[in-house]
Structures are given as structure tokens and as C-alpha cells.
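Engineer: Encoded as C-alpha cells, here's the structure I'll be asking about.
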Amino acid sequence: MALKVDYMVRETATNLVRNLSLTIASILTVAVSLSLVGGSVLLRYSVDNATQQWQGGIEFIVFMQPEATEQQTQAVERQLTESTQVERFEYFDQDATFEEFKDLFQNTPQIVESVTPDILPPSFRVVPVDKSAETIESLRSVFVTQPGVREVVAAFDSIRTIRNLSNLIGVGLFVVAGFLLLAATLLILNSIRMAMFARRREIEVMKLVGASNWFIRIPFMLEGVFQGVIGSAFAIGVVFGVQRVFDNIAADQRFSLFSGLVVDNQQVMTTSVFVMITGVLIGALGSAFAVSRFLDV
Amino acid sequence: MIKLENVTKTYKGDVPALRNADVDIAKGEFVFLVGASGSGKSTFLRLINREERPEVGNIYVAGKNILELSSWKVPYLRRNIGSVFQDFKLLTGKTVYENVAFALEVIGRPKHVVKTQVPAILELVGLGKKMESFPHELSGGEQQRVSIARAFVNRPLILLADEPTGNLDPATSVGIMRLLDRINRTGTTVLMATHDRSIVDTMRRRVIELDRGTIVRDQHRGVYE
């Protein structure tokens with residue numbers, strides 16, 4: 001079967017232009033729905049990143065002074081080991097803290113450059129036996145007064161709230177995106193159907209003279225895939241935009257909770273690839289359905 | 001070349017369009033299908049290039065049972081069967097040349113074949129000087145010549161013509177019949193459904209008459225009735 005590339009490209013282009021308004025509608029719907037999908041994936045990543053220090057049941061962190069002595073650190077460690085209210089804990093020295101810091105701020109090198117390991121506080125990440133607010137408060141009051149301790153930060157409710165909220169927003173975005181994706185698929189299906197209707201006489205002649213089924217189908221399939229690809233290209237633009245916004249927030253408020261709300265380039269790439277694949281899939285799906293349903297060869 | 005064995009075709013909830021048809025057409029024959037409107041002539045033609053499938057019976061084209069062809073092979077069957085219609089089915093946005101070239105391009109014929117075959121066939125049908133005209137600039141007879149050129153450019157074994165002179169005046173029809181006769185003389189089997197009494201009576205070829213789906217006459221060197 002000799003499939004001529006120039007023929008296919010020409011036909012696909014003609015179809016797209018002939019049906020401009022419906023083509024634009026399909027592309028925009030793909031773009032909006034995939035932007036939401038990409039945005040919710042990024043949000044999930046960023047919340048995971050922001051709360052990285054708080055994963056694995058860690059409920060409070062004892063930050064030591066950067067210049068705390070060895071004895072002071074060992075005293076706190078001993079106390080944590082002996083406390084019956086502490087299930088387990090982990091010590092992050094200055095180098096480990098710096099590594100984690102670099103990880104979190106890898107997209108904002110100006111922040112990383114302004115920091116050296118020796119100004120960062122080493123810390124104990126503590127998992128208490130009992131996660132009630134009273135226990136954590138009592139532990140906090142014990143450790144905050146110890147010599148060499150800079151501060152004790154408890155997760156309290158803020159971290160949990162952020163997690164729950166982001167879960168809720170994430171699920172909400174996914175549901176809306178799901179409906180929009182369905183709408184996008186149906187729009188693509190319809191625009192392909194219109195294209196086939198506009199060219200029904202040519203299709204009839206092609207069938208009569210014995211053009212192979214795929215020769216007739218492929219320009220229409222390409223048209224659907226093209227709509228999916230352009231739509232997801234827009235959505236990927238939005239994904240990169242969201243990353244910029246997160247980075248700006250992080251740069252503005254370097255030590256607040258939101259400072260962790262960053263996504264690294266790797267995660268943005270993964271999200272973009274995911275968005276592109278989804279776009280191609282719904283384009284192919286919509287047009288394949290239109291072709292198999294309405295192009296009876 | 002074409003063989004129907006006990007073929008019955010019924011459209012949904014209707015009387016049979018074709019009933020127990022047994023026909024054997026040899027290579028190079030010229031056959032008229034006659035009968036009133038709705039007698040099954042078009043169905044007969046549509047069965048041969050597998051636009052329709054019968055409920056009962058077998059259909060052989062060039063020795064192959066076409067009902068056993070998988071659907072992706074049907075286009076290859078149709079490359080051996082040219083089709084001509086009463087309404088020409090030309091593409092209005094394409095020139096005469098492009099209409100004929102289209103038939104070769106969509107079956108993947110290389111450019112140099114298209115460039116030599118299309119002018120040659122248009123010369124044959126007498127339209128060598130109108131290659132750049134659009135269908136609406138041509139007379140009905142000329143448009144039908146284009147459609148015959150398109151059907152024949154790929155040198156099919158069989159040519160199916162469904163009332164090709166139905167829209168043409170008698171003088172023009174004679175010209176079209178000369179052309180079909182000429183194509184038949186190259187060895188192409190021609191099967192033509194028609195209402196045109198004078199054409200059938202003048203040509204004196206094999207006549208198959210249908211009446212409400214049943215073959216009531218199959219006569220060599222026949223007349224209309």
C-alpha cells in the first residue's frame with residue numbers, strides 16, 4: 001500500500017481549514033481540559049515537595065541553633081531517646097539539611113547560592129507515639145527550653161489542612177478535567193464527522209475506484225490527532241506558566257510554608273509528556289470513533 | 001468473468017430486490033440489464049462490486065467468490081471494476097484532468113503513470129482539449145465521458161454502467177454508446193443497466209430482463225422486449 005505523505009498532509013490541512021470554527025472549538029477544549037489536568041498534577045507534586053519534611057508521620061521538628069555545641073545536640077538526642085512519648089526520630093545534620101534545601105530550591109539558584117551548610121539549622125525530625133495536640137504541645141514545651149534549641153515547629157493542623165485542601169482541589173480539578181476531556185473527545189468526533197460530511201462525494205468516489213480503507217481514513221485520523229496535539233501544546237504552555245508562578249512565590253517568601261511550593265524541571269517535563277500523550281490519545285480516540293462509526297467502507 | 005449462483009437480496013422489510021438469480025457472463029461480453037424502475041437492475045450491479053451483500057447465493061468475479069473477501073480486500077476488487085452512473089459523480093472542485101487523475105492517485109499510482117495515463121485516456125474519450133475545464137463548463141455528454149475516462153483509466157476487467165445515458169439526449173447517447181462499445185472491444189466486460197429501448201434495439205447484444213427481482217429473460221442478440 002503506497003501511502004503518499006504529501007497527499008495525506010495536503011488532505012489533512014484542507015480539512016482543518018475548511019472546518020475552522022469547529023477545529024478551533026475542539027483545540028480550545030482540549031487545551032483547557034489538559035491545562036486543568038496538568039495543573040492538578042503539578043499541584044500534587046508541589047504539595048508533596050512542600051511537605052517533604054513532614055512525610056512519614058513526622059509531627060514536629062526540633063531545630064537546633066546552627067552554632068549549637070556537640071554536647072547540646074547529644075543532650076537533646078539522649079532526651080528524645082529516653083522519652084516514652086517519642087516513637088522514633090531522625091537527625092538531619094547541616095550537610096543533609098543543605099542537600100534537602102538544594103533539592104527544594106533547585107529551580108531558584110539565587111536562593112541556593114545565598115546559603116551555605118553552616119548557616120542552616122540541623123534538626124531532629126520526630127515521630128511521636130501519640131499524635132494528639134496536647135502531647136505534641138507538651139513535647140514542644142520540653143524541648144523548646146533546652147540549650148542549643150532554636151525552635152520547635154509542630155505540624156499542628158496547618159500541614160494537614162494543606163494536604164486535605166490540596167487533595168480536595170486535586171480531585172475537583174480531575175473531575176472537571178475528566179468531563180472536559182470527554183467533551184473534547186466528542187467535539188473532535190463531531191468535527192471529523194463534519195469533515196467527512198463535507199467530503200462525502202470524494203469519499204464515495206474513492207471507495208468506487210478502490211482506494212484502500214486506510215488511505216481514506218488516515219487524513220481524518222491525522223486531523224483528530226493534530227487537534228489533540230495543538231491543544232496539548234497550549235496546555236503544556238500553561239504548565240510551564242504554573243511553574244513560573246510557583247517559583248515566583250517561592251522567591252518572594254523564601255522561608256514561609258509556601259516556599260516549598262515549587263516543582264522541579266523533571267516534574268514539569270513528566271507532566272508535559274503526560275499532557276501530550278493524553279492529547280494525542282483523545283485526538284486519536286475521537287477520530288477513530290468517528291471514522292469507524294461514520295466511514296462505512 | 002461474472003457468475004451469480006442462486007442469489008437473493010432483500011432490503012430490510014421489503015420484497016426481494018433480486019430473487020434466485022443465476023447468471024453467467026463471459027469475459028468480453030456486453031450485457032444490457034433491462035426492466036422497470038425498482039426491478040433490481042441497480043442491486044444487480046451493486047452486488048458485483050460488493051456495495052451490497054446477498055442473503056443467499058454466491059457471486060464470483062474473475063473466478064473468486066467475492067462474498068468470502070475480507071473487507072480490507074474489497075478495494076482491490078473494485079480496482080478491477082470501473083463504475084459509471086447516471087449522475088456522473090464528478091468532483092465539482094476539480095478539473096477534468098484532476099477528476100481522472102484522482103482515481104489513480106488514491107490507489108497509489110506513481111506520478112509518472114498519472115502524467116502519461118490521464119492525457120491518453122482523455123484523448124481516447126475525445127476530451128483531449130478540455131483537460132483544464134471544470135465539470136460545470138461541460139455538456140452532459142462530455143461530463144459522462146469524463147466519468148467513463150475515470151472508470152476506465154485503471155484498465156479494469158469489468159465496467160458497470162448504471163443508466164449512463166439516463167440524463168442525455170438521444171444523439172449524445174449514441175456517442176456514449178460508441179465509446180462503451182469501443183471499450184468493450186478492448187476486452188473489457190461491460191454490464192449496463194438501461195431504460196433506453198432504442199439503444200438496446202440498435203446494439204443487439206445480450207439482454208437480461210428483470211421483473212420485480214426475478215430474471216424473466218436472458219437472450220443473446222436481444223431487443224428491449
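Engineer: Kindly list, by first and then second residue, each pair from a residue in the stretch A:275-290 that is over 15 Å from A:Ala233 (Cβ atoms) and in a helix (DSSP H, G or I) to a residue that is aromatic (Phe, Trp, Tyr) and modelled with pLDDT under 95, limited to pairs with Cβ atoms under 9 Å and residues at least 6 apart or on different chains.
Structural biologist: Close Cβ pairs (under 9 Å, with a partner that is aromatic (Phe, Trp, Tyr) and modelled with pLDDT under 95) amount to A:Ser287/A:Phe220; A:Ala290/A:Phe220.
Engineer: Taking the condition buried (at least 20 other Cβ atoms within 10 Å of the Cβ), assigned to a helix (DSSP H, G or I), of a type in the set (A, V, I, L, M) and out of contact with any Cys (no Cβ under 9 Å at 6 or more places or on another chain), does A:Ile192 pass?
Structural biologist: yes
Engineer: Just checking, how many residues over the stretch B:103-140 are part of a helix (DSSP H, G or I) and without any contact (Cβ under 8 Å) to a residue 12 or more places away in the chain?
Structural biologist: Residues in the stretch B:103-140 being part of a helix (DSSP H, G or I) and without any contact (Cβ under 8 Å) to a residue 12 or more places away in the chain: 9 in total.
Engineer: All but one of (1) touching a Gly at 6+ places or on another chain (Cβ under 9 Å); (2) of a type in the set (Val, Ile, Thr); (3) part of a loop (DSSP other than H, G, I, E, B) hold for A:Val127; state the number of the condition that does not hold.
Structural biologist: Just one mismatch for A:Val127, condition (3).
Engineer: Taking the stretch A:96-124 only, how many residues are assigned to a helix (DSSP H, G or I) and aromatic (Phe, Trp, Tyr)?
Structural biologist: The number of residues fulfilling the criteria is 2.
Engineer: Are there any strands (runs of 3 or more DSSP E) wholly within the stretch B:1-102 with 2 or more residues that are buried (at least 17 other Cβ atoms within 10 Å of the Cβ) and free of Cβ contacts under 8 Å to residues at least 60 places away in the same chain, and if so which?
Structural biologist: B:2-10, B:56-61
Engineer: Can you pull out every residue in the stretch B:141-174 that is over 23 Å from B:Thr92 (Cα atoms) and out of contact with any strand residue (DSSP E or B) (no Cβ under 6 Å at 6 or more places or on another chain)?
Structural biologist: Within the stretch B:141-174, B:Arg155, B:Leu157, B:Pro170, B:Ala171, B:Val174 qualify.
Engineer: Just give me the residues in the stretch B:100-149 being away from chain A (no Cβ under 14 Å) and acidic (Asp, Glu), in sequence order.
Structural biologist: Across the stretch B:100-149, the qualifying residues are B:Glu123, B:Glu132, B:Glu137, B:Glu142.
Engineer: Being surrounded by fewer than 20 Cβ atoms within 10 Å (Cβ to Cβ), basic (Lys, Arg), without any contact (Cβ under 8 Å) to a residue 60 or more places away in the chain and over 19 Å from B:Ala26 (Cβ atoms) narrows it down to one of B:Arg185, B:Arg178, so name that one.
Structural biologist: B:Arg178
Engineer: Any residue in the stretch A:191-214 that's within 11 Å of chain B (Cβ to nearest Cβ) and at positive phi: show its pairings with residues that are buried (at least 20 other Cβ atoms within 10 Å of the Cβ) and in a helix (DSSP H, G or I) at Cβ separation under 6 Å, as long as the two are six or more apart or on different chains.
Structural biologist: A:Gly210/B:Pro75; A:Gly210/B:Arg78
Engineer: For the subset of the stretch A:215-237 comprising residues that are β-branched (Val, Ile, Thr), buried (at least 18 other Cβ atoms within 10 Å of the Cβ) and more than 14 Å from chain B (Cβ to nearest Cβ), which member is farthest from A:Glu11 (Cα to Cα)?
Structural biologist: If we take residues in the stretch A:215-237 being β-branched (Val, Ile, Thr), buried (at least 18 other Cβ atoms within 10 Å of the Cβ) and more than 14 Å from chain B (Cβ to nearest Cβ), then A:Ile236 is farthest from A:Glu11 (Cα to Cα).
Engineer: Suppose we filter B:Val118, B:Val190 for residues that are surrounded by 20 or more Cβ atoms within 10 Å (Cβ to Cβ) and within 27 Å of B:Gly40 (Cα to Cα); which single one remains?
Structural biologist: Only one candidate qualifies: B:Val190.
Engineer: Checking A:Thr116 against (1) surrounded by 13 or more Cβ atoms within 10 Å (Cβ to Cβ); (2) without any contact (Cβ under 8 Å) to a residue 24 or more places away in the chain; (3) more than 26 Å from the chain's Cα centre (by Cα), only one condition comes out false. Which one?
Structural biologist: The single condition A:Thr116 does not satisfy is (1).
Engineer: Related question: Please give the number of the condition A:Ala31 fails out of (1) at pLDDT below 85; (2) surrounded by 19 or more Cβ atoms within 10 Å (Cβ to Cβ).
Structural biologist: (1)
Engineer: Within the stretch A:15-28, take every residue that is at pLDDT 80 or above and surrounded by 15 or more Cβ atoms within 10 Å (Cβ to Cβ) and give me the one that is farthest from the chain's Cα centre (by Cα).
Structural biologist: Applying the filter and picking the extreme gives A:Leu22.
Engineer: Also: Determine whether B:Leu159 is at pLDDT 95 or above, more than 14 Å from every other protein chain (Cβ to nearest Cβ), under 21 Å from B:Asp87 (Cα atoms) and part of a strand (DSSP E or B).
Structural biologist: no
Engineer: Residue by residue through the stretch B:193-223, note down the ones that are of a type in the set (D, E, K, R), surrounded by 15 or more Cβ atoms within 10 Å (Cβ to Cβ) and touching a Lys or Arg at 6+ places or on another chain (Cβ under 6 Å).
Structural biologist: Of everything in the stretch B:193-223, just one residue is of a type in the set (D, E, K, R), surrounded by 15 or more Cβ atoms within 10 Å (Cβ to Cβ) and touching a Lys or Arg at 6+ places or on another chain (Cβ under 6 Å), namely B:Glu209.
Engineer: Tally the residues that are over 13 Å from the mean Cα position of the chain (by Cα) and modelled with pLDDT of 95 or more, restricting the search to the stretch B:188-199.
Structural biologist: 0
The values are calculated or read from the model by the stated rules, or taken from the named source; none is laboratory data. Since the model is a prediction, treat every value here as computed from it, not as a measurement. Here the Cβ is made from the backbone with ideal geometry for all residues, glycine too, and neighbour counts use every protein chain on show.
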